[in-house]
Every structure is written in structure tokens, then in C-alpha cells.
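Worksheet: the structure to be examined is printed underneath.
The values are calculated or read from the model by the stated rules, or taken from the named source; none is laboratory data. Being a predicted model, the structure only gives us computed values, none of them experimental. Every residue, glycine as well, gets a Cβ built from its backbone with ideal geometry; the counts of neighbours run over all protein chains shown.
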Amino acid sequence: MTRVAVLDCGTNSLRLLVADIQDTLQEVTRQTQIVRLGAGVDANGCIDDEARSRAAAVCREYAGVCEELKVERVRFVATSAARDAANMDEVGAQLSACFPGREVPVEVIGGKEEAELSFLGATAGLAEQGRPAPYLVVDHGGGSTEFVRGDQGVEQSISVDLGSVRLFERHLHSDPPTAEQIAAAAREIDEHLDAAQEQVRFDGVGTLLGLAGTVTTLTAHALKLDSYDRNRVHGANVPLGVMLAGCDHLLTLSTKERAELPYMHPGRADVIAAGALTWSRIVRRVVARSPQFVQLTSESDLLDGAAWRLGS
């Protein structure tokens, strides 16, 4: 058995998974903090000092967790915002230095590897559960969205610059957003979906798997949870009409009203409207091409896939 830790620094959140890997993945701890590393990166091309400080503070906390839990191997990956930031080498060195006594380089991974790791983490065990293939895994993040299709492994994949933070900063400037802002954002979403469909088929899907904080929060909203409950969210099969109605409802709320929802992380309350709009258009696009499929939400994702690889 090998105890591993994986950190994933996305555009909005910085996450940690510590797990024991042998024949199975046994989760020890899983933590998420919102650091908004990608704040302003879409417009300015750089990670600002405040975002760096927020990320470094969380990295120091996670380094302490790794020491306390006697982690043997650590991998630190960074995704969309890191790919876009001109100063990521400098930022990566600062974050790596938060792990004294360990060599923990920050790896800026490409969209293809991000997609593969997400697929690996999300689909492990689905066949044994009787979930129908092919699987379409959609990892909707703050800066990018990965679409991955496959059965036993990845067959088609693409990463597009479509994320809740990026879309929020570009279009949804009113609170709540206006109809005109929503329409402009929807047009951009549809352009990205058109591009995604040139590489990844949306027809004949057996199971649509939604990953990452936006989709898990939307699932909690659709289920009307009293608080965020990972066990109820993971594997949830929310009726499509209920999910779409929930997405539409979030667009009508102000940031303050969203923040008051009992399952809403305060660092996600502003950008969740962009995420809800994106997810609703993805689901509707899949429905139009695959009339019968199972839609599941998964808490297993890139972290799990990277942990499997690190522990093997």
C-alpha cells in the first residue's frame, strides 16, 4: 500500500486528496479551498499578488496535512489559469517552496492530460455498477471544460477555454445578470460546444458524468439539500428537468441570495450563475443528440485519476 497526495490548483479552487493506493483507492482526506488563482488572468494574462498569497497560504496548510498523515508521494498539478498565466513559472516556484523538505514541483498540465486524468478518476468502477457506456465525462472548471468520451479508456477528448470564472468575468457583470448578458454568454458557450463536438461525439451517450465544483453544487441545489453532503451528491442521478430548472433558477438570484443557500461555498456564489448557464446548455446539447442516457454527478475526478497513477 502507498499513501499519496495530489494537489490540483484550478482557476477557482485549490484541492487536496490524500489516499491509500493498493488494489483500490481508499480516501484518507479530501479538502477544497477557494483561492481564485485565475482572478483577472483572462483579461491580464498574469496571476496577481493577492491570488498568489491566497494560494500560498493554502499550500502551507496542505503541506502540514501531508506531513501529519505521513504521505509518501506528492504530486501537484495546475490547470487552466496556470496555462494562461505568463508568470506561472515564478508563481509555481513560490507554491513549491511551501513544501519544505520535499521536492514538489508544480506541474502545469495540458488539457489532454487533464481530460485523461478526469476520465480515469470518474469512470473507475462504473462498469461494475452497471452504468451504460459509452461515457461522456464533462469536467467543468473555472477556466476550462474538458469533454472526454470512451468506454474502457479515452477514445476522444478536447479541452476548451470555457469556465465559470472566465465566463463570469467576460459577461455577467450585473447582479443578477441581465437577459442581454445571459444571451451573450450563451452565444459564447454554444461556440465552444460547437468546437467540442468537432472532436468529441455527443450522440449515442450511455452515461453523462458531470465533474467539479460547479456541477456538484448544482446537484446539491437540485436535491435541495440542507447542507452540502458529499455522499448524497456523489453518484446522484438527478432528473434532467429538475437539474435544468435548478440551473435556470440560480440565474435569477443575486450573489447574496446564492451565498445564503446552505450548500453554497461562499467563494462560488458569484461565478455559479455562469456555471449553471454552461451546464444547462451542455445537458440540453447532449439531450438533443442522445435522447436516452443516464446523467450522474461524480465527486471522483482528476484528483482520483492522478492518485491512481501516482500510486501505481
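Among the residues of region 184-212, those identified as over 11 Å from Leu162 (Cα atoms) and of a type in the set (Val, Ile, Thr) are Val200, Val205, Thr207.
The condition of being β-branched (Val, Ile, Thr), modelled with pLDDT of 95 or more, farther than 22 Å from Gly210 by Cβ and surrounded by 16 or more Cβ atoms within 10 Å (Cβ to Cβ) does not hold for Val77.
A quick yes/no check of all residues on (1) of a type outside the set (Val, Ile, Thr); (2) out of contact with any Leu (no Cβ under 6 Å at 6 or more places or on another chain); (3) in a loop (DSSP other than H, G, I, E, B):
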{"position": "Ala51", "(1), (2), (3)": "yes, no, no"}
{"position": "Arg54", "(1), (2), (3)": "yes, yes, no"}
{"position": "Arg102", "(1), (2), (3)": "yes, yes, yes"}
{"position": "Lys112", "(1), (2), (3)": "yes, yes, no"}
{"position": "Glu116", "(1), (2), (3)": "yes, yes, no"}
{"position": "Val148", "(1), (2), (3)": "no, yes, no"}
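Here Gly10 fits the description: crowded, with 23+ Cβ neighbours inside 10 Å and out of contact with any helix residue (DSSP H, G or I) (no Cβ under 6 Å at 6 or more places or on another chain).
Annotation note: Cβ proximity below 7 Å between a residue of region 189-204 that is in the same structural domain as Trp279 (by TED's automatic domain parsing) and a residue that is surrounded by 15 or more Cβ atoms within 10 Å (Cβ to Cβ) and of a type in the set (S, T, N, Q) (sequence gap 6+ or interchain) occurs for Ile189/Thr278; Gln199/Gln156; Val200/Gln156; Val200/Ser157; Arg201/Gln156; Phe202/Ser290; Asp203/Ser290; Gly204/Ser290.
Among the residues of region 85-100, which ones are more than 20 Å from the chain's Cα centre (by Cα) and not in a helix (DSSP H, G or I)? Once the filter is applied, which keeps residues that are more than 20 Å from the chain's Cα centre (by Cα) and not in a helix (DSSP H, G or I), region 85-100 yields Ala86, Asn87, Ala97, Cys98, Phe99, Pro100. Evaluated against (1) modelled with pLDDT under 95; (2) among the hydroxyl-bearing types (Ser, Thr, Tyr); (3) in contact with a helix residue (DSSP H, G or I) (Cβ under 6 Å, 6 or more places away or on another chain), Tyr135 falls short on exactly one condition, (1). In a residue-by-residue description of region 302-312, the property of being under 30 Å from Glu27 (Cα atoms), small (Gly, Ala, Ser), assigned by TED's automatic domain parsing to the domain that holds Gln129 and surrounded by fewer than 20 Cβ atoms within 10 Å (Cβ to Cβ) applies to no position.
Filtering Ala259, Ala276, Ala222, Ala245 for residues that are under 21 Å from Leu162 (Cα atoms), touching a helix residue (DSSP H, G or I) at 6+ places or on another chain (Cβ under 9 Å) and at pLDDT 95 or above leaves a single hit, Ala276. Inspection of region 194-213 identifies at least one residue that is buried (at least 24 other Cβ atoms within 10 Å of the Cβ), in contact with a strand residue (DSSP E or B) (Cβ under 7 Å, 6 or more places away or on another chain) and in a helix (DSSP H, G or I).
The residues on offer are Gly143, Gly111, and the sole one that is of a type in the set (Gly, Ala, Ser) and farther than 13 Å from Ala274 by Cα is Gly111.
The residues on offer are Gly305, Gly267, Gly235, and the sole one that is closer than 21 Å to Gln129 by Cβ, in a helix (DSSP H, G or I) and touching a residue at least 12 places away in the same chain (Cβ under 8 Å) is Gly305. Taking each residue of region 127-151 that is free of Cβ contacts under 8 Å to residues at least 40 places away in the same chain and looking for partners that are part of a loop (DSSP other than H, G, I, E, B) with beta-carbon atoms closer than 6 Å, six or more apart or interchain, yields Asp151/Ala133; Asp151/Pro134.
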